[in-house]
Amino acid sequence: MSDQEEMAAAKLALIVRLVAAFYHVSPVKVASIGASGITLLAQHVSMYIARAIAEMTLQEIGFCFGECQPDQVIYAACLIERRIDRDAAFAATIRI
């Protein structure tokens, strides 16, 4: 793993831990394949934050989530963006 990949993994691990703590779910489950329910929401929020706020690449994010494809990261980020646009209470939990 290159230095850049290690730094990206560390950055995303921090994001996942913080989001998992907020939603009261396991960080291991958030970062795993096959998440569902509130854990899936936490996974999508983590991907959104990694992309929109931490400015990580699609490949970096996908690699840290069980090597998911870039289109899956885009889909997750778009879901969260739409929810932010239509749900002010939810948006308040995401915006920095």
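Pulled fully out, how much extra length does the chain show between residue 83 and residue 95, if you take 0.36 nm times their separation in residues and subtract their Cα-Cα distance? If you can, show how the numbers build up before the last one.
Working: separation 12, 0.36 × 12 = 4.32 nm, distance 1.22 nm.
Residue separation times 0.36 nm, minus the Cα-Cα distance, leaves 3.1 nm.
For the chain, what's the relative contact order in percent, using C-alpha pairs closer than 8 Å and at least 6 residues apart? Spell out each step's value before the answer.
On the way: 92 pairs, mean separation 22.7, N = 96.
Reported relative contact order: 24 percent.
Kirkwood Rh over alpha-carbon pairs of the chain, then Stokes-Einstein at 10 °C and 1.306 mPa s: what D in µm² s⁻¹, rounded to an integer? Each step should come with its number before you reach the end.
Working: Rh = 13.1 Å.
Roughly 121 µm²/s, to the nearest whole number.
Once the Cα atoms of helix 3-23 and of the chain are each reduced to a long axis, what angle between those two axes, in degrees from 0 to 90 to the nearest 10, is obtained?
Taking Cα atoms only, the helix is inclined about 30 degrees.
Going by Cα centres, the range 64-79 and the range 1-54 are how many Å apart?
Rounded to whole Å, the Cα centres lie 11 Å apart.
Loop only by DSSP, 14 or fewer other Cβ within 10 Å of the Cβ. Give me the GluC sites (Glu not before Pro) in the chain that pass, ordered by residue number. Each step should come with its number before you reach the end.
Values: sites: 5, 6, 55, 60, 67, 81; in loops: 55, 67.
Hits after loop and neighbour filter: 55, 67.
Taking the chain as the reference, fit the longest principal axis to its C-alpha atoms, fit the long axis of helix 37-48 to the helix C-alpha atoms, and give the angle between the two in degrees, 0 to 90, nearest 10.
The answer is roughly 70 degrees.
Could you calculate the FRET efficiency of residue 26 with residue 4 from 1/(1 + (r/R0)^6), where r is the beta carbon distance between them and R0 is 30 Å, rounded to 0.05? Please list the in-between numbers first.
Working: r = 27 Å, r/R0 = 0.91.
Efficiency at R0 = 30 Å is approximately 0.65.
None of the figures in this text is laboratory data; all of them are computed from the coordinates on show. From a predicted model like this one, the values you see are computed outputs, not experimental measurements. Here Cβ is always computed from backbone atoms with ideal geometry, including for glycine, and neighbour counts include all displayed protein chains.
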